[in-house]
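Colleague: Please see the structure below; I have some questions.
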Amino acid sequence: MGNFERIVISCMDRRLSEYLDSKYNDGRTVFLRNAGANIGTLSKSIEGIIGSGGISSVVIAPHTDCGAMGLVSSALSGSAKVSESIERNLVARFRKISYSDRNELERIVNPALQERGLSNLVKRPDIGTAVELIDLSRMQIPKDDGKHLLTFTKPSPTRYSSFISKYGNSGIGMFNSYFIQASAARDVSADIEIATAALHISDVRLVSENQLQNAGINEDMNYIKGMSHFSGFSISEITA
């Protein structure tokens, strides 16, 4: 992976990229993102990065007004049905936890649950862990223009503004793209399903940053195309 010192794990939400760039992107931080900053589907990616050496800290950065937590809340109340994959990889871990409302779910329950999951995964005294809850109500977010897409890419220290620039003059800005970042698409299939089936994002783009990633991204693309719910979507690949 390279000489990186920190991992930041956050949600795929399109409203977070600018903040993550400004707060954490120092060139020595690797980013991982999925639905709800869920440690579960990112565990293989986390272990792989830590195994490459150099990591001294891991930060979990979930947020308020989270679509994934809204889905969890609806599934737990019975007002929404989810697939077996989403149940197993996201919803199930919340079923034995009591909370009063979605605000508590987002601000207290999810951060604590993910921190506990990270502690169970990373049992090394030389690696520190921390949690930052990103409060979207304190951020200036442009009015949603309704133009959404999903970018899938590998764990990376690259600025999100650089990823967006690859889309040229297409009208895609920092607040248009959701991001999923993981070592392999099959590890985060539930998260891709949440983005495409639950959030109704129909434009999926896979981005490779270098020649070494090209083969992996092509494999990821074939995997996503083969997902059972994945039909009628636009999927494209940008290779180095």
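Colleague: From the list SER56, SER79, SER156, SER73, pick out the single residue that is crowded, with 19+ Cβ neighbours inside 10 Å, over 16 Å from MET12 (Cα atoms) and polar (S, T, N, Q).
Modeller: When all the criteria are applied, what remains is SER73.
Colleague: Give the residues of the stretch 14-47 that are over 13 Å from the mean Cα position of the chain (by Cα) and not β-branched (Val, Ile, Thr), sorted by residue number.
Modeller: Step one: filter the stretch 14-47 for residues over 13 Å from the mean Cα position of the chain (by Cα), giving 18-19, 21-29, 44, 47.
Scanning the stretch 14-47 gives GLU18, TYR19, ASP21, SER22, LYS23, TYR24, ASN25, ASP26, GLY27, ARG28, LYS44, GLU47.
Colleague: One residue is enough: does the stretch 98-121 have a residue meeting the conditions of a type in the set (Phe, Trp, Tyr) and surrounded by fewer than 19 Cβ atoms within 10 Å (Cβ to Cβ)?
Modeller: Looking for residues that are of a type in the set (Phe, Trp, Tyr) and surrounded by fewer than 19 Cβ atoms within 10 Å (Cβ to Cβ), one finds at least one in the stretch 98-121, hence yes.
Colleague: How many residues, within the stretch 195-217, are free of Cβ contacts under 8 Å to residues at least 40 places away in the same chain and farther than 16 Å from LEU150 by Cα?
Modeller: Adding up the residues that qualify gives 5.
Colleague: On the basis of being at pLDDT 95 or above, of a type in the set (S, T, N, Q), surrounded by fewer than 18 Cβ atoms within 10 Å (Cβ to Cβ) and out of contact with any helix residue (DSSP H, G or I) (no Cβ under 6 Å at 6 or more places or on another chain), does SER43 make the cut? Before the answer, list the steps.
Modeller: Details: at pLDDT 95 or above: yes; of a type in the set (S, T, N, Q): yes; surrounded by fewer than 18 Cβ atoms within 10 Å (Cβ to Cβ): yes; out of contact with any helix residue (DSSP H, G or I) (no Cβ under 6 Å at 6 or more places or on another chain): no.
So SER43 does not fit the description; no.
Colleague: Which of (1) farther than 21 Å from SER189 by Cα; (2) in a helix (DSSP H, G or I); (3) within 20 Å of the chain's Cα centre (by Cα) is the odd one out, the single condition GLU104 does not satisfy?
Modeller: Status for GLU104: all satisfied but (3).
Colleague: Pick out the one residue from GLU193, GLU209 that is part of a loop (DSSP other than H, G, I, E, B) and either buried (at least 16 other Cβ atoms within 10 Å of the Cβ) or modelled with pLDDT of 95 or more (or both).
Modeller: Working: GLU193 fails: part of a loop (DSSP other than H, G, I, E, B).
None of the others qualify; the one that does is GLU209.
Colleague: Return a yes/no flag: does the stretch 166-173 have any residue that is in contact with a Lys or Arg (Cβ under 9 Å, 6 or more places away or on another chain) and among the β-branched types (Val, Ile, Thr).
Modeller: Yes, the conditions are met somewhere in the stretch 166-173.
Colleague: Scanning the stretch 19-40 for residues that are in contact with a helix residue (DSSP H, G or I) (Cβ under 7 Å, 6 or more places away or on another chain) and either at pLDDT below 95 or surrounded by fewer than 24 Cβ atoms within 10 Å (Cβ to Cβ) (or both), which turns out farthest from PHE175 (Cα to Cα)?
Modeller: GLY40
Colleague: Another question about this same structure. Considering the stretch 15-30 alone, what residues qualify as being in contact with an Asp or Glu (Cβ under 9 Å, 6 or more places away or on another chain) and in a loop (DSSP other than H, G, I, E, B)?
Modeller: If the condition is that a residue be in contact with an Asp or Glu (Cβ under 9 Å, 6 or more places away or on another chain) and in a loop (DSSP other than H, G, I, E, B), then ARG15, ASP26, ARG28 are the ones that fit.
Colleague: On to the next question. Can you tell me which residues in the stretch 39-90 are within 18 Å of ARG102 (Cα to Cα), touching a residue at least 60 places away in the same chain (Cβ under 8 Å) and in a helix (DSSP H, G or I)?
Modeller: GLY67, ALA68, LEU71, listed by residue number.
The values are calculated or read from the model by the stated rules, or taken from the named source; none is laboratory data. Note that the structure is a prediction, hence the values are computed from the model and not measured. Positions of Cβ are backbone-derived with ideal geometry, glycine not excepted, and every protein chain shown enters the neighbour counts.
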